[in-house]
Each structure stands twice: as C-alpha cells, then as structure tokens.
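First comes the structure, then the notes that go with it.
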Amino acid sequence: MELIKLHGLSAGYESKPVLKGITLDVHQGDFIGVIGPNGGGKTTLLKVILGLLPPWSGSLWYAQDLTHKGHKRIGYLPQDPGLDMQFPVRVKDVVLTGLMQRNRSLFWQGKESKAMQALTRVGMQEWATRSFGSLSGGQRQKVLLARAIADRPALLILDEPDTFTDQRFEQDLYSLLRELNEEMAIIMVSHDLGMISSHVKTIACVNGGLHYHHSNLISQEMLEAYECPIDIITHGHLPHRVLGEH
Amino acid sequence: MDYLSPFLEYAFLRNAILSASLAGIACGLSGSYVVSRRLVFLSGGVSHASFGGIGLAFFLGMHPPLGAMVFAVLSAILVQYLGERHAIRKDSAIGVIWSLGMATGIIFVYLTPGYVPNLMSYLFGNILTVNSTDLWLLGGASALNLLAFVLFYPLVLSLAFDENYARVRQLPVNFLNYLLMALVAITIVTTIRIAGVILVISFLTLPQAIAGIFTRSLAGMMRWSVVLAVLGSYAGIILSYHLDIPSGASIIFTFALMFLIIRLFFMVREFAGRARSKEQIRS
C-alpha cells in the first residue's frame, strides 16, 4: 500500500531549483536509503515530504493513513537540529514535545506513558528526569529519535543519523531501526554507503533528479549511470563489490 | 516588626507591594521565555524603543504609558518580521530600534513646551508613585502571562526548545512567535513604571539567572523566577524606603545580591560534595 506519491515534482529555494521533476512512491514497510552528492537535494526532498517546503510544480499525495484528521503522521530526526544545550529542559519533556498536534492535543495529560514507552524503546528511560543538555552526543540523538517515534508515525524520516555519533551508537541505532521498520516505513539519508547497503531495502539516488533502485546493492556503474558521484566507503563484513581501476 | 509597620499604614506602600507582586508574576513568566530563547537583547531594545512612545505622548499631551505600549509592541513585531524575512541581521535591527526609539523620545521631550513631569520616573522607575491605573495594567499583564505560559505551557516549550520541530508537528509557529513577543512587550511596558526604561530588563533576566542555577526545566525556572522576583522586590522596596534610595535601583541591587549568595551557596555545596566523595574513595 502506498503512503506517499511524488510525481514530476520540482522544488527549490527562491529562484534556485534543486529538485527537478522527481517521481517516488513510498510504500508501507519500505526502508529507503537516500544517497547523493552534497547540494544534490537530499534534504530538500525530506523537507518537501515533511511539508516544510511547498513544491513548485508536480503532485504530492499522502495516503489517508498518513494524514490522520489533518495531522501528518511522520516522525523526523533532523541532521543537525541546532539546539541550545543550555536550554532548561528535561529529557522526558523533549519527548513530550513530539506528541504535540495542531488544533488538538495541546496538553500533556495522559501522555507521559507514551513518552516513557518511546524512551524505553531507545534505552534512555533511566535518564527521563535528567537535563537534556547534560547528555552526550549519542544519548541526545537517542532522545531525539524517541521524540520522532513517540507519536507512532506511519513514516519515519532520518537525516544522516550517524553523523555525530560513535560506532557503538550506530550498531544500536541500526538494530533499532530494523525493529521499527516492522511498524513503520523509513526513509534515511546517509553518507555511509556501507551502512546503507547493509541495512536498507531499496536505494534512491538524488542529484537534481531522482533514480530509484529496487535493491540495496550499490555498484559503480549504477552511480555513474545515475550521475551520482560519491565515494564508496565500506568497513567490516558487509555485502559489497570491489571494482577495478577505471 | 517596626520595619514593616509603615507598609500596613500607608496606601502608597501597600500599592508598591501589590505592584511588585503583579510585576513579579508577569516578569517571572515572560522573562523565563526571554532568557531560555536568548531574547534578552531584543527585550532590551523593545524597552528602550518604548521611550519614543513616552516622548510622543508627552508632546501630544496624552497618557505616556499608552504611547510606550504602542511603540513597544510595534517594535517587537517589526524586529520579529525583519528577522523572519532575513531582510536585515536581527541584532542589527535591534540596535536600530533601541537607539532610534531613545532618539525619538529625546527629541519629543525637548520639543514639549514647559517642564516635563515624571520624566525621571519613566527612565528609572518609581514604585512609590504607582496609582490604580498602573495596578490594573499590571494585573492585566500578569493575567495574560498566566494564561499563555501556564495554560499553554506544552505549546510554549515545544516552540521555545525547537522551533523547526514545532513546524514539523504543524504547530502555528509564526503566529505564536508574534503573539509571545507582543506579550513580552506588554510585560515590559507595564513594568516600566516600577523599574524604568533603562532598568526593566533586569526584572526579566536576574530572577531567571538565579533560578537557572538550580532548576532543570522551563517550568521550574518560571515558578522560581516568580517567587524570587516577588521576594526580591519586597526586600528591595523595604530597603528603598528605609535608606531613602530609588526603588528600581534598590530592587535590582537586591536581585544581584541574591544571585551572589545563591551562586556561592551552590558552589560551596558542590565543593563539599566533591570533598566528601574523595574521602569515601580514600577510605
């Protein structure tokens, strides 16, 4: 079942076009890895899907299941949220802000258990009453992930969740994402192609246009054919292909 | 009790205590929003810009707080609008309204024929001359603050902590930014009677700085800021009456003293705690 359909969609900032005529269907149970060069439009694509950036042309359709009573059921983990680490806020309250909904649910009564469930899911329940600013980078990322999944979204969007974190966190993160994928579709932007190809189901390459690849294998030919120039870095025992000099 | 008996006897002292309580509620709440979102400089700009309205009202023979209110709210909305449009750097815009407001006020005061009464009290505040109109205005401001920050606390926290995520949650971010900025402007103007254009910013920042030493949540900062602002104002007024010094300055001096004492207390406690844990490791 489709959740989102983008068709011939273009978008950009002021007079600068970034996405040109892209088409993408997101289905239930999908785990799409988004790759592409810097400035290719990965984050722009996420913003359009999140409804933060109106498209210039083309169509953008959300399934009924995704827009529950006018509220989009999409969770989001931003790349660099640019948060003030001295802001006086407890971990639990950060997760509670993920349960706010326009026009309804402006209050927190009866929502604590939902927030605590999300925190337990990411293994941060013991930190609930700590101050958010006192956590380490990886712990903060986990709390922000709990905020993204607290409202049980139908689609989870992650923008380079592995940028500021250590390997230990990455392993936790990817096993958690596999678990979450049973309940929700996931779109994840990442630079780490090794990680992408061993965890996602399909790949979308964004470079102005969008090329959808129905498997998680990345080959040099594919990247070249799609004009998706990026370095392939892998480590560990991952499914990969080594290509000759050319 | 001799220190307190005049406050039961004289109406102007009772008014002073009442107005300090109301201003403490309004500034404790608004100020926590200002401090947590780092809007201190913007608030300073708004309070100085309001002097333009005070000058204009003197010149036109109108009620000065009315002019201050119009100038404060308009300048707050203007800075918010320019910042949103990226038309000018936000802090530059604040610098402009800050000085332009003061310049406008000075010119109009100069042009006003004859002697301008109470000018000093608008600059530095005088809690001992608060009248019933001022009290009603302060009451209204604290009621609005309670409504916004207590009833809609989850909404305010979501917006203040992460504006972008609030947008993702489809909350009315722009509308709330303007609304809360206007509320901060109203709070500033009603407190000018007590602390004056120049000193009012400390009502919005000093109690919050003290509360920030020992609180972990925005709600905690709000609660303690109200308590500290009210208690500090009482102490400041008593000091001002008995030492015969200006009330606004005396209250702010008390706030600063409270900050030092509480900071010192927590430093000593932390130091003692560390020494104890070291001893435990040794034994």
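The values are calculated or read from the model by the stated rules, or taken from the named source; none is laboratory data. Source: prediction; values computed, not measured. Because the Cβ atoms are built from the backbone with ideal geometry, glycine has one as well, and the counts that use them run over all protein chains shown. In case anyone asks, the SASA skips ligands and DNA or RNA and just uses the protein heavy atoms, side chains included. Shrake-Rupley method; radii C 1.70, N 1.55, O 1.52, S 1.80 Å.
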Checked region A:82-152 with the C-alpha gyration tensor, a ≥ b ≥ c its square-rooted eigenvalues, rounded below a/c of 1.5, otherwise prolate if a/b is larger than b/c and oblate if not; verdict prolate
Any idea what the dipole of region A:82-152 comes to, in debye rounded to 20, about its Cα centre with Lys/Arg Cβ at +1 and Asp/Glu Cβ at -1?
200 debye
Please list, short to long, the whole-number percent of alpha-carbon pairs of the protein assembly as shown in consecutive 10 angstrom bins beginning at zero.
4, 16, 22, 20, 16, 12, 7, 3, 1, 0
For the protein assembly as shown, share of DSSP beta bridges that run antiparallel, in % to the nearest 5
55 percent
Would you list which lysines come within 30 Å of residue A:72, measuring only between C-alpha atoms, while excluding same-chain residues fewer than 8 positions from it?
A:5, A:16, A:20, A:42, A:47, A:92, A:111, A:114, A:142, A:201
Between residue B:269 and residue A:38, what is the spin-label point distance in nm, taking each point 7 Å from the Cα along the Cα→C-beta axis?
4.6 nm
Peptide A:80-88, shielding by other chains (average Cβ, 10 Å cutoff):
5
Whenever you get a sec, line up A:140, B:216, B:263 from highest to lowest accessible area (probe 1.4 Å, protein heavy atoms).
B:216, B:263, A:140
How crowded by other chains is A:89-99, given as the mean number of beta carbons from other chains within 10 Å of each beta carbon?
5
Placing unit charges on C-beta atoms (Lys and Arg positive, Asp and Glu negative, everything else neutral), compute the dipole magnitude of the protein assembly as shown about its Cα centre in debye, rounded to 20.
1000 debye
Theoretical FRET efficiency, 1/(1+(r/R0)^6), r = Cβ-Cβ of residue A:1 and residue B:100, R0 60 Å, to 0.05
0.55
Expressed in nanometres to one decimal, the distance between label points 7 Å along Cα→Cβ at residue B:110 and residue A:10 is 5.7 nm
Sites residue A:152 and residue B:7 - FRET efficiency at Förster radius 41 Å, r taken between beta-carbons, to 0.05
0.10
Per-residue accessible area for residue A:211 at 1.4 Å probe radius, Å² rounded to 10?
70 Å²
Chain B, dipole about Cα centre (Lys/Arg Cβ +1, Asp/Glu Cβ -1), debye to the nearest 20:
1000 debye
Which trypsin sites (Lys or Arg not before Pro) in region B:56-163 pass both tests, a DSSP loop state and at most 14 other beta-carbon atoms within 10 Å?
B:89
